[in-house]
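The values are calculated or read from the model by the stated rules, or taken from the named source; none is laboratory data. Computed from a predicted structure; not experimentally measured. Don't worry about glycine lacking a Cβ; one is built from the backbone with ideal geometry, like all the others, and counts go over all protein chains shown. To get the accessible areas, we keep the full protein, side chains included, count just its heavy atoms, and leave off ligands, DNA and RNA. Shrake-Rupley method; radii C 1.70, N 1.55, O 1.52, S 1.80 Å.
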Amino acid sequence: MKTDIILAGVGGQGILSIAASLGAAALNENYYLKQAETHGMSQRGGAVVSHLRIADHPIYSDLIPTGSADLILSVEPMEALRYLPYLSPEGSLVTNTAEFKNIPNYPELNKTFEELAHKISIIRIDADQMARDKGNPKASNMVMLGAASPFIAIHDDIIIKGIETIFREKGEKIVNQNVEAFKAGRAFALQK
Amino acid sequence: MERKLLLGVEAIGQAAVDAGISGVYAYPGTPSTEITEYIQHNKTAGERNIHREWSANEKTALEAALGMSYAGKRAMVCMKHVGLNVAADVFMNMAITGINGGLVITVADDPSQHSSQNEQDSRFYGKFAMVPVFEPSNQQEAYDMTYEAFAFSEKTGLPVMMRIPTRLAHSRAGVVPKPVLDENLLRLPENLMQFMLLPAYGRKYYQNLLDKQGWLEELSEKSAFNNYFEGKEKSLGIVCCGIAYNYLMENYPDGNCPYPVVKITHYPVPKDMLQQLENECDELLVAEEGYPLVEEMLSDFFGKGTKVSGRLNGSLPRRGELNPDHLAKALGKELEKPLEMPETLVGRPPSLCAGCGHQDTYDALNEVIADIGNGRVFSDIGCYTLGALPPYNTINTCVDMGASITMAKGAADAGLSPVFAVIGDSTFTHSGITGLLDCVIEKSNVNILIVDNETVAMTGGQDSSAKGRIEKICEGVGVNPEHIRLFVPLKKNHDEIVRIIREEIAFNGVSVIIGRRECVQRVAKMKKLNKVKKQA
Ligand SMILES: Cc1ncc(C[n+]2csc(CCOP(=O)(O)OP(=O)(O)O)c2C)c(N)n1
Ligand code: SF4
């Protein structure tokens, strides 16, 4: 078993809590894990990416080779496209549709996504809206993780345990909101 | 013991505490910063109350650690690669004095320059100083090697360098820790003149260092961290240093590389192992993260011997960090053409945060520059360096920490007027004060803007050594108090800021203009920390 995931977003959007939830889940299952993060300069509103690799055997490289990621999970639509060369031809792309416009020349993306949908499996979800509906706009990340979960080779109950682990110290209410957000995202993806 | 998920830097921090250090000394710098932060939040470190405050710069950090080592205790020093340039004087000389308590210097290199001015390779410093260098290939090795490094330092009497690249520093994996060791007791050096480098002593100690080299090579040869892996296919022998080994093995998922491989993570290089590889194989490929150090050593100058491939002959890229694809290509594997990035995609460079005071400073400075012309703003390193990019395009230089003031001085000496230096509070205390002293002594016509956001923002909001001291420092150095001006970088103060800058341009001499408002990210970080503290 192995799942190689490219996590993408913009500095400050907090893709790291997605990584942390999966990390906790992988650790629970005694899986091997490697997760390369972006720190430093680009965290100031720049493009950030994390390579997350989970397997039941030792993992060598901290970086995913091009053309071999099973999943691109992006919390921002343009950032989802930046790492396409990493995606395996059989891989899937799961992205938030809420655009983060902190640059003057943000492009129109709908056509690009439509063309791309002929080549690979894509799930687009307005995670920000769904998180607001669930009562916690900050849980948009967990909606995204939920929407991506059908493509990750870890049982969803185990991922939920991971979410509970990382939000535990913030109290029961926050834990529940995040778990609910995860479930909503997952349900959305399973319907597609 | 239980497996923990740790970043490479966290593994090093944990290992240093477990190895019984009595102090960590560091100045922030990506990707090394989190080692010290990890130790600052570590329970054992807190209970033992080991030294874990930030130092003013890398040189003061390394010297203080050497003092702790003099007193017999173990110390860890952390910095980014360019930090070692600042600390190079003590680094080169401490190789000659040797150490007393174990001393480990973790230097984090940044191949591909994710957050740095260059991608220099610290192993060259290790070789230059003739000290052992450890270069772990994964997080567990980062832990194990750091843990061992202190004892190795004491055994050899030398400082040990831990060299890590960004990719290991900022990647997480499961790490199994070892038992926590006691701290060393206070113990003066046996030879009280050990740290005395008057030439008569220095010559003797340098000879000792030279005499140790054979022994260091032997230790490398026997080191559990250097390995010879057999392979049936002798047409090629592969040398992998540090994490380059992972990128090779990623191409052999079952773990069976057909070629013989020497994996080096402990320097000086294991000569006999390399000799055996050369004897057995037709050609060699060297994969190393950073500059081609080992490749250059093995390359045959006159081209009559064994062919050596790597970064120098184009088999691997000459610059930038390696990855599994590079190794695949060097091994002659055909890669499938990956999906392409759509053409509609645009870059998303880093930018100043909304509400950042640096913006207000640059807006005002730009208004003044509109009158006097571009090309006069020498600057430095920090968040404010983003003022080089649109929409500001204000600053013209960023070379090394502190160079804004001294380069402005040199330009003023050359007759350029007016000139500006824009420098952050932490950069000022790191390396700006001595340059200011030069200006004061010569009454140079410079306008120094200290953009004081009361923290080291670029690296994540650490405590700045400058906090609350900048005016006093400037006065103490000899700047005329009438030309030490203060403003608060806020939009509503725009006209006032412009006026102050104009008044100081009119003055022929050293002007220091301080813009002070706390970094908005730091404010948020402290709020969060206080909330956590209250709850605890
Ligand atoms: C010799 C050296 N040490 C460390 C760094 C890493 N570094 C870059 S900017 C910076 C801090 C800048 O702080 P400050 O001057 O206060 O500016 P701010 O980021 O707060 O605006 C550091 C530590 C470096 N580039 N060079
Ligand atoms: S981190 Fe602070 S200093 Fe840096 S850009 Fe943001 S607000 Fe400005």
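To keep it simple, each residue is scored yes or no on (1) more than 14 Å from ligand 2 (Cβ to nearest atom); (2) free of Cβ contacts under 8 Å to residues at least 12 places away in the same chain; (3) among the aliphatic types (A, V, I, L, M); (4) in contact with a Lys or Arg (Cβ under 6 Å, 6 or more places away or on another chain).
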site	(1), (2), (3), (4)
B:Asn313	yes, yes, no, no
B:Gly320	yes, no, no, no
B:Pro338	yes, yes, no, no
B:Gly347	yes, yes, no, no
B:Glu367	yes, no, no, no
B:Gly373	yes, yes, no, no
B:Arg376	yes, no, no, no
B:Thr385	no, no, no, no
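Pairs meeting the criteria (first residue in region B:100-119 and under 24 Å from B:Ala15 (Cα atoms), second residue within 16 Å of ligand 2 (Cβ to nearest atom) and open to solvent by 10 Å² or more (accessible area, probe 1.4 Å), beta carbons under 9 Å, at least 6 apart or on different chains) are B:Ala108/B:Thr30; B:Asp110/B:Thr30.
In region A:97-130, the qualifying residues are those that are closer than 19 Å to A:Phe151 by Cα and surrounded by fewer than 17 Cβ atoms within 10 Å (Cβ to Cβ), and the one that is farthest from the other protein chains (Cβ to nearest Cβ) is A:Asp126. Mind checking which residues of region B:503-536 are assigned to a strand (DSSP E or B) and open to solvent by 20 Å² or more (accessible area, probe 1.4 Å)? Within region B:503-536, just B:Arg516 meets the criteria.
Restricting attention to region B:362-386, the residues being within 13 Å of ligand 1 (Cβ to nearest atom) and under 19 Å from B:Gly432 (Cα atoms) number 7.
Inside region B:446-491, residues that are in a strand (DSSP E or B) and among the charged types (D, E, K, R) make up a count of 2. Cβ-Cβ contacts under 7 Å between residues 6 or more apart (or on different chains), taken from a first residue in region B:516-536 that is assigned by TED's automatic domain parsing to the domain that holds B:Tyr384 to a second residue that is more than 16 Å from ligand 2 (Cβ to nearest atom) and open to solvent by less than 100 Å² (accessible area, probe 1.4 Å), are listed as B:Arg516/B:Leu486.
Per-residue answers, yes or no, for (1) away from every other protein chain (no Cβ under 14 Å); (2) in contact with a strand residue (DSSP E or B) (Cβ under 9 Å, 6 or more places away or on another chain); (3) open to solvent by less than 30 Å² (accessible area, probe 1.4 Å); (4) more than 14 Å from ligand 1 (Cβ to nearest atom):
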{"residue": "B:Leu84", "(1), (2), (3), (4)": "yes, yes, yes, no"}
{"residue": "B:Phe91", "(1), (2), (3), (4)": "yes, yes, yes, no"}
{"residue": "B:Met94", "(1), (2), (3), (4)": "yes, yes, yes, yes"}
{"residue": "B:Thr97", "(1), (2), (3), (4)": "yes, no, yes, yes"}
{"residue": "B:Gly101", "(1), (2), (3), (4)": "yes, yes, yes, yes"}
{"residue": "B:Asp109", "(1), (2), (3), (4)": "no, yes, yes, no"}
{"residue": "B:Asp121", "(1), (2), (3), (4)": "yes, yes, yes, yes"}
{"residue": "B:Tyr125", "(1), (2), (3), (4)": "yes, yes, no, no"}
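Filtering region B:1-32 to residues that are in contact with a strand residue (DSSP E or B) (Cβ under 7 Å, 6 or more places away or on another chain) and within 14 Å of another protein chain (Cβ to nearest Cβ) leaves B:Arg3, B:Lys4, B:Leu5, B:Leu6, B:Leu7, B:Gly8, B:Ala11, B:Pro28, B:Gly29, B:Thr30, B:Pro31, B:Ser32.
For region B:31-65, filtered to residues that are in contact (Cβ under 8 Å) with a residue 60 or more places away in the chain and away from ligand 1 (no atom under 16 Å from the Cβ), the residue that is most open to solvent (accessible area, probe 1.4 Å) is B:Arg48.
Restricting region B:394-404 to residues that are open to solvent by less than 40 Å² (accessible area, probe 1.4 Å) and away from ligand 2 (no atom under 16 Å from the Cβ), the residue that is nearest to the chain's Cα centre (by Cα) is B:Gly402. With respect to (1) at pLDDT 95 or above; (2) surrounded by 17 or more Cβ atoms within 10 Å (Cβ to Cβ); (3) within 16 Å of ligand 1 (Cβ to nearest atom), the lone exception for B:Thr434 is condition (2). Of the residues in region A:173-182, at least one is free of Cβ contacts under 8 Å to residues at least 24 places away in the same chain and open to solvent by less than 40 Å² (accessible area, probe 1.4 Å). Every condition in (1) out of contact with any Gly (no Cβ under 6 Å at 6 or more places or on another chain); (2) farther than 20 Å from B:Gly355 by Cα; (3) within 16 Å of ligand 2 (Cβ to nearest atom) is met by B:Thr427 except one, and the failing one is (1). Can you tell me which residues in region B:356-393 are at negative phi, surrounded by 22 or more Cβ atoms within 10 Å (Cβ to Cβ) and part of a loop (DSSP other than H, G, I, E, B)? B:Cys356, B:Asp380, B:Ile381, listed by residue number. Identify all residues within region B:437-470 that are within 14 Å of chain A (Cβ to nearest Cβ) and either more than 9 Å from ligand 1 (Cβ to nearest atom) or within 18 Å of the chain's Cα centre (by Cα) (or both); write none if there are none. Correct list: B:Val456, B:Ala457, B:Met458, B:Thr459, B:Gly460, B:Gly461, B:Gln462. Restricting B:Ala129, B:Ala200, B:Ala149 to residues that are crowded, with 19+ Cβ neighbours inside 10 Å, away from chain A (no Cβ under 14 Å) and free of Cβ contacts under 8 Å to residues at least 60 places away in the same chain narrows the list to B:Ala129.
Scanning region B:420-431 finds one or more residues that are buried (at least 18 other Cβ atoms within 10 Å of the Cβ) and more than 14 Å from ligand 1 (Cβ to nearest atom).
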